[in-house]
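The values are calculated or read from the model by the stated rules, or taken from the named source; none is laboratory data. Everything numeric in this text was worked out from a predicted model, so none of it was measured. As a convention, Cβ positions derive from the backbone with ideal geometry for all residues, glycine included, and neighbour counts pool all protein chains shown.
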Amino acid sequence: MKAMQDRRLTPLDRLLAGAENALRTLAPPGRRGARPSPALDLPESDLGAAEKRHAAGLMRVNHAGEIAAQGLYQGHAAVARDAATEEQMQRAAREEFDHLAWCEQRLTELDSHPSLLSPLWYTGAFAIGAASGVLGDRWSLGFIAETERQVCAHLTGHLGRLPEHDTKSRAIVETMRDEEQRHGENAIGAGAAELPAPLRQLMKLTAGIMTRTAYRV
Ligand SMILES: [Fe+2]
Ligand SMILES: [Fe+2]
């Protein structure tokens, strides 16, 4: 029990870990995830110029979502009260970091780049994560469960919009969707509260603004 308590981070540890994660998240493209991209061994498809631009726009939106996921999970973890909740969030954040790297690699392959507004997506999401976490772990878990539910629906939408033969982008999005679904289920299993409907609507609205913007810049 004592050893367990000793492993808990002090506020300064958390602050430094948060700053390190922000720098790592916002570093220029070129990183590798801990796990290889699901697209790694798939052949490149023959995309026309317009298809390539469209696929890049959608993958830029997904990349921006993963930047926000880092901010959100780190914001939650920074204020989580329960050690198990904090560990669960850090574990999910590590998987989200792979998603980030995979989207980034795909954007480079599509001759494109991440959103120029990445620092804004990160800081905004971090603030929301920390603010909901302050209300208590049940609410921050509820926020995560609802976010992951909306992200799954969003990724399903992207599978309908990505070019049919862009197998590389599709493989990434499909794997991400499976893992986001698990993140959501884990949050519910850990005691997530059901968010009030107006808040769920507000989250949808905010995500809509972000996706429309990141598609272009
Ligand atoms: Fe993700
Ligand atoms: Fe997730």
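Values as computed for the structure displayed
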read-out: Index of the failed condition, Arg182 passing every other in (1) in contact with a helix residue (DSSP H, G or I) (Cβ under 8 Å, 6 or more places away or on another chain); (2) part of a helix (DSSP H, G or I); value: (1)
read-out: Residue in region 43-52 that is surrounded by 12 or more Cβ atoms within 10 Å (Cβ to Cβ) and in a helix (DSSP H, G or I) present; value: yes
read-out: Among (1) farther than 30 Å from Ala193 by Cα; (2) without any contact (Cβ under 8 Å) to a residue 24 or more places away in the chain, the one test that Arg106 misses; value: (2)
read-out: Qualifying residue in region 135-149 (condition: part of a helix (DSSP H, G or I), among the aliphatic types (A, V, I, L, M) and more than 16 Å from ligand 2 (Cβ to nearest atom)); value: no
read-out: Close pairs (6 angstrom Cβ cut-off, 6 or more residues apart or separate chains): in a helix (DSSP H, G or I) in region 91-102, within 11 Å of ligand 2 (Cβ to nearest atom) and of a type in the set (Asp, Glu) anywhere; value: Glu95/Glu179; Glu96/Glu66; His99/Glu66; Leu100/Glu66
read-out: Residues of region 31-42 classified as crowded, with 18+ Cβ neighbours inside 10 Å and hydrophobic (A, V, I, L, M, F, W, C), total; value: 1
read-out: For Gly33: the one exception among (1) at pLDDT below 95; (2) out of contact with any Phe, Trp or Tyr (no Cβ under 9 Å at 6 or more places or on another chain); value: (2)
read-out: Lone qualifier among Glu194, Glu164 - being out of contact with any helix residue (DSSP H, G or I) (no Cβ under 8 Å at 6 or more places or on another chain), more than 15 Å from ligand 2 (Cβ to nearest atom), acidic (Asp, Glu) and part of a loop (DSSP other than H, G, I, E, B); value: Glu164
read-out: Matching option when the condition is more than 16 Å from ligand 1 (Cβ to nearest atom), more than 16 Å from Ala69 (Cα to Cα) and surrounded by 14 or more Cβ atoms within 10 Å (Cβ to Cβ), among Pro163, Pro196, Pro119; value: Pro163
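Rundown of residues vs (1) in a loop (DSSP other than H, G, I, E, B); (2) within 14 Å of ligand 2 (Cβ to nearest atom), yes/no style:
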residue	(1), (2)
Pro36	yes, no
Leu40	yes, no
Glu66	no, yes
Asp111	yes, no
Gly124	no, no
Gly129	no, yes
